[in-house]
Amino acid sequence: MQLPFPLAEEPEEAEREAARKLFAGEVDFLKGVVAMDGLPPDDRAEVCFAGRSNVGKSSLINALTGRKGIARASNTPGRTQEINYFTLGDERFLVDLPGYGFANAPVAVVAKWQALLKAYLAGRVGLRRAFVLIDMRHGIKAVDEEILTLLDKSAVTFQVVLTKADKVHPRDREKVLAQVREKLAKHPAAYPELVLTSSEKGEGLATLRAIIAGLT
């Protein structure tokens, strides 16, 4: 019996190599955006990364691109309040969305971020997929459910990427995966494959690169 939301298969050698070349090419920070009128032209395919504070989003983007400091990691939750755009070659944008789940952020600031996220998700024709990062040690939390529901309402296909897989013993992974699968079953916009990653160990990076490279 096929499990719902199976792990994404590793790419074929040709796909892996094409994706490696894409990410080894030009990847540049384009701009940080705090309002919809600052977004770049919607003239190419883009994918976005969403995740709660300290899920390892910046580390994953840095690992995918092989550039240590292209995405700014911060130990202060809520410091990155912009939508950060990166160019991936000439035909794609990588988009780093503001983190969410800041217990200490002012209500007005949170409301502003939420409004910007809603406007972004509803308004980008070129958006091919949202990658929602979930900490493998914790599974899907209530604060993650909020963004998943927002993606459902915005009719944006999202795919869950589990981060920090190296921090979870192999025998404990199935328990987390079962919880994630159960939660995702309630979300119609969820793409039916999971990606397991470790920015430190490199696990899953080739698979995620190949998925992104295939979204045109």
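List of remarks:
- Cα centroid separation - the range 84-129 against the range 21-54, whole Å: 9 Å
- Candidate aspartates and glutamates for bridging to LYS201, where Cα separation is under 17 Å - those fewer than 8 sequence places away on the same chain excluded: GLU10, ASP135, ASP166
- For the chain, the mean residue ellipticity at 222 nm estimated from helices alone is -10500 deg cm²/dmol, where every DSSP H run of n ≥ 4 contributes -39500 (n - 2.57) and the total is divided by all residues, rounded to the nearest 500.
- Taking 16 Å as the straight-line reach from the Cα of LYS118, the aspartates and glutamates in range (excluding those fewer than 8 positions away in the same chain) are ASP37, GLU82, ASP96, ASP144, GLU145, GLU146, ASP152.
- Cα shape, the range 1-73, gyration tensor, a/c 1.5 rule: prolate
- Global geometry of the chain, whether rounded, prolate or oblate, following the gyration tensor of its Cα atoms and the 1.5 cut on a/c: rounded
- Extended-chain gain in nm, criterion 0.36 nm per residue less alpha-carbon gap, LEU30 and ALA142: 37.1 nm
- Normalised by the number of residues in the range 112-216, the average gap of Cα pairs under 8 Å and 6 or more apart makes the relative contact order 28 percent.
- Per-residue ³J(HN,Hα) for the range 146-159, Karplus 6.51 cos²θ - 1.76 cosθ + 1.60, θ = phi - 60°, Hz, x for Gly and Pro: 4, 6, 5, 5, 4, 5, 4, 5, 7, 6, 9, 4, 10, 10
- For a straight C-alpha distance cut-off of 19 angstrom, the lysines reachable from LYS183 (same-chain residues fewer than eight places away being disregarded) are LYS141, LYS153, LYS175.
- Phi-based couplings in Hz for the range 207-216 (Karplus 6.51, -1.76, 1.60; Gly and Pro marked x): 5, 5, 4, 5, 4, 5, 4, x, 8, 10
- Check: the chain dipole with +1 on Lys, Arg Cβ and -1 on Asp, Glu Cβ, in debye: 660 debye
- Pairwise FRET efficiency - ALA185 versus VAL110, Cβ, R0 = 25 Å, nearest 0.05: 0.35
- As a length-normalised measure over Cα pairs under 8 Å and 6 or more apart, the relative contact order of the chain settles at 29 percent.
- Approximate spin-label separation ASP166-ASP42, in nm, with each point projected 7 Å along Cα-to-Cβ: 3.9 nm
- Rounded to 5, the percent of DSSP beta bridges in the chain classed as antiparallel: 35 percent
A short reminder: the numbers here are calculations on the coordinates, not readings from a lab. Owing to the predicted nature of the structure, the values given are computational and were not obtained by experimental measurement. Here the Cβ is made from the backbone with ideal geometry for all residues, glycine too, and neighbour counts use every protein chain on show.
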